[in-house]
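Below: one structure, written as structure tokens.
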Amino acid sequence: MNEPLKRPPSLLWWTKRGAYFQFMMREISSIVIFVYLVLFLVFLHKLSKGRVEYNAYLDFLWSRPMIAFHLVALGFALLHTITWFNSTPKAMVIWRGEEKVPGIAMVVPQYVIWLIGSGVVFWFFLRH
Amino acid sequence: MASETIKFEVFRWHPEKGGEPTFQTYEVPYRTDWSLLEALTQVKNDQDGTLTFRWSCRMGVCGSCGMMVNGVPRLACGTQLKDLYPGPVRVEPLANFSVERDLVVNLDRFIKGFTSIKPYIIRKQEKPVSEGEYLQTPAQLAKYKQFSMCINCMCCNAACPVYGHEENFLGPAVLAVGQRYNLDSRDEYAKERRDVMFEHDGIWECELVGECSQVCPKHVDPAAAIQQAKVQATKDFFFSFLGAGA
Amino acid sequence: MARSKEPLPWSFFAAGGMISAYAIPIMIVITGLAGALGWIRAERLDYDHLRPLAHHWIVRLGLLVIFTLTALHCAHRMKFTLAGLTGLKFFKGGASVVLYLLALGMSACAALALWKI
């Protein structure tokens, strides 16, 4: 008589269902954002080095391939933001008597604060 | 309608035969009011008595008939043929568990984890029956009620990729029921139960994929139970440095 | 087995996740897209405009906090991602320390660069 049959998962398990694929994309956002942090670190370093080095770096940073990377990075960053805000009610439960405060009450304010804050920063660079 | 059928490709494996599993196709009358369980019952009664699967209540409260339906863990009694039409439908045993026979999986791993968190009320001092019941307000009940709805169907564990990759991970079902007892005002065992749940193979392997909560037929939301447990564990961790103890 | 020490890196993961959710999208827009694509005048990001702004101690402190917490968040999540993509448990083991040290190292470099701005 044989032992129960084991069925180990495949390496491409996350390609088999949309939900798993979305999860893996969210996880991969950490790698993309990390790469952006490297670029940002260099940005800060070049800014500390003076006008010449900083301008040279901007030429590189604003080249076509880098713009493409930043567009991709923005996509992944937004995926992180959206999935992060949406999962807040899972970790934080606030009770009012026998009822939970509905999750949406914790999620919507975060979007509002995020959009307003980002808008203010963008407006600042638009104006000054 | 009477002549319409729906095809099922069903996973077959018998331990006495061994070898690689196979898929056998069965054609079942397409009845719009049938569940997958009724279709499998028709197969077993009228076509192939050797097909083996677990079932009991037929109404989504016993947790026996969990299986993979087109790659998603579902209760067979809770899956309607009209939602599967036109098919063909792939039916397999629950993922992440070893197979005993056909659609029946071995649940030893779950039972071991379940026992380890002591899923029952434990008091420091038991109250004698003559002193009456343990009283609980509706608000106290509300805190753990959702997590108490688990029927041990194992759909969550089958949906969890971490459960499939990490053989020591306790899994969403065990952690949700652990949290159910931790939040029950009648229980006084929370610290010791947390010692098990807050080990590395407890809550910390969870990556918040969230599929466990998506597939749960009883809306237990084990993902929420685990995230809340992580917050609790973090509070305990930092307070223990402040000498407040867990 | 004793309770895990995971709450420590997890706290940084949670704080970093929150701060990066708010800050990273607009940072990517400002540094990498807005000037490059003409959404704002490119001069706004030139050295003479940016350096005085970045020199403010509040801006430098804020950027350092955002950078450090985001880096630690990414390191924590990357450990799971790399293990999940490659099937190699090693990323969750010894390699994870390398990832955290890398994040801290980058943050130290960021602190140095911000100090000199």
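The values are calculated or read from the model by the stated rules, or taken from the named source; none is laboratory data. Quantities reported herein were computed from a predicted structural model and do not represent experimental measurements. Glycine gets a Cβ as well: all are built from the backbone with ideal geometry, and neighbour counts include every protein chain shown.
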Discussion item. Would you confirm whether or not the stretch C:30-46 contains a residue that is more than 7 Å from chain A (Cβ to nearest Cβ), closer than 25 Å to A:L47 by Cβ and in contact (Cβ under 8 Å) with a residue 24 or more places away in the chain?
Written reply: no
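For (1) touching a His at 6+ places or on another chain (Cβ under 9 Å); (2) under 18 Å from A:W84 (Cβ atoms); (3) at the interface with chain A (Cβ under 10 Å from one of its Cβ atoms), each residue gets a yes or a no:
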| residue | (1), (2), (3) |
| --- | --- |
| C:L50 | no, no, yes |
| C:T70 | no, yes, yes |
| C:H76 | no, yes, yes |
| C:V98 | no, no, no |
| C:A113 | yes, no, yes |
Discussion item. Condition check: modelled with pLDDT of 95 or more and in a strand (DSSP E or B). Does B:K7 satisfy that?
Written reply: yes
Discussion item. Among (1) of a type outside the set (S, T, N, Q); (2) in a loop (DSSP other than H, G, I, E, B); (3) more than 21 Å from B:C212 (Cβ to Cβ), there is one condition B:D83 misses while meeting the rest; what is its number?
Written reply: (2)
Worksheet item: In this structure, does B:T25 turn out to be at pLDDT 95 or above, out of contact with any His (no Cβ under 7 Å at 6 or more places or on another chain) and crowded, with 18+ Cβ neighbours inside 10 Å?
Response: no
Worksheet entry | Residue check for C:K79: basic (K, R), buried (at least 20 other Cβ atoms within 10 Å of the Cβ) and over 12 Å from the mean Cα position of the chain (by Cα) | yes
Discussion item. Among the listed residues A:G50, A:G18, identify the single one that is over 27 Å from A:L115 (Cα atoms), within 20 Å of the chain's Cα centre (by Cα) and loosely packed, with under 15 Cβ neighbours inside 10 Å.
Written reply: A:G18
Worksheet item: Yes or no: C:K5 more than 9 Å from chain A (Cβ to nearest Cβ), surrounded by fewer than 16 Cβ atoms within 10 Å (Cβ to Cβ) and more than 26 Å from A:L71 (Cβ to Cβ)?
Response: yes
Worksheet, complete the sentence: Selection from the stretch A:45-63 of residues within 8 Å of chain C (Cβ to nearest Cβ) and either small (G, A, S) or in contact with a Leu (Cβ under 6 Å, 6 or more places away or on another chain) (or both) yields A:S48, A:G50, A:Y54
Fill in: Filtered residue count, the stretch B:119-142, keeping only those that are within 14 Å of chain A (Cβ to nearest Cβ) and assigned to a loop (DSSP other than H, G, I, E, B)
2
Practice prompt. Would you check if there is a residue in the stretch B:163-175 being touching a residue at least 60 places away in the same chain (Cβ under 8 Å) and within 18 Å of B:V231 (Cα to Cα)?
Written response: yes
Worksheet item: Just a yes or no: is a residue in the stretch A:99-118 aromatic (F, W, Y), assigned to a helix (DSSP H, G or I), under 30 Å from B:P172 (Cα atoms) and facing another protein chain (nearest Cβ under 7 Å)?
Response: no
Fill in: Residue identified as at the interface with chain C (Cβ under 9 Å from one of its Cβ atoms), charged (D, E, K, R) and not in a helix (DSSP H, G or I) among B:E207, B:E167, B:E188
B:E207
Worksheet item: Is it the case that the stretch B:47-64 has a residue that's assigned to a helix (DSSP H, G or I) and either under 23 Å from B:G210 (Cβ atoms) or modelled with pLDDT of 95 or more (or both)?
Response: yes
Worksheet entry | Residues satisfying the stated conditions in the stretch B:210-238, i.e. among the charged types (D, E, K, R), more than 11 Å from chain C (Cβ to nearest Cβ) and assigned to a helix (DSSP H, G or I) | B:E211
Worksheet, complete the sentence: Contact list, first residue from the stretch B:14-29 and at the interface with chain A (Cβ under 9 Å from one of its Cβ atoms), second anywhere and part of a loop (DSSP other than H, G, I, E, B) and exposed (fewer than 10 other Cβ atoms within 10 Å of the Cβ), beta-carbon distance below 7 Å, six or more apart or interchain, is B:P15/A:M1; B:E16/A:M1
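Yes/no matrix, rows are residues, columns are (1) of a type in the set (A, V, I, L, M); (2) touching a strand residue (DSSP E or B) at 6+ places or on another chain (Cβ under 7 Å); (3) surrounded by 24 or more Cβ atoms within 10 Å (Cβ to Cβ):
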| position | (1), (2), (3) |
| --- | --- |
| B:G164 | no, no, no |
| B:A173 | yes, no, yes |
| B:D184 | no, no, no |
| B:V196 | yes, no, no |
| B:V215 | yes, yes, no |
| B:V231 | yes, no, no |
| B:F237 | no, no, no |
Response to the item:
Of the residues in the stretch C:47-91, those that are charged (D, E, K, R), under 23 Å from C:A14 (Cα atoms) and free of Cβ contacts under 8 Å to residues at least 60 places away in the same chain number 3
Worksheet item: Give me the pairs: first residue in the stretch C:97-117 and within 15 Å of A:I31 (Cα to Cα), second residue charged (D, E, K, R), beta-carbon distance under 8 Å, and six or more apart or on different chains, which are they?
Response: C:L99/C:K79
Discussion item. Condition first: of a type in the set (A, V, I, L, M) and either within 9 Å of chain C (Cβ to nearest Cβ) or within 30 Å of B:T22 (Cα to Cα) (or both). Now tell me which residues in the stretch A:1-31 satisfy that.
Written reply: A:M1, A:L5, A:L11, A:L12, A:A19, A:M24, A:I28, A:I31
Worksheet item: How many residues does the stretch C:52-68 contain that are over 21 Å from A:I28 (Cα atoms) and either within 7 Å of chain A (Cβ to nearest Cβ) or surrounded by fewer than 17 Cβ atoms within 10 Å (Cβ to Cβ) (or both)?
Response: 11
Fill in: Flag for B:L81 being in contact (Cβ under 8 Å) with a residue 40 or more places away in the chain, within 14 Å of chain A (Cβ to nearest Cβ) and within 30 Å of B:V10 (Cα to Cα)
no
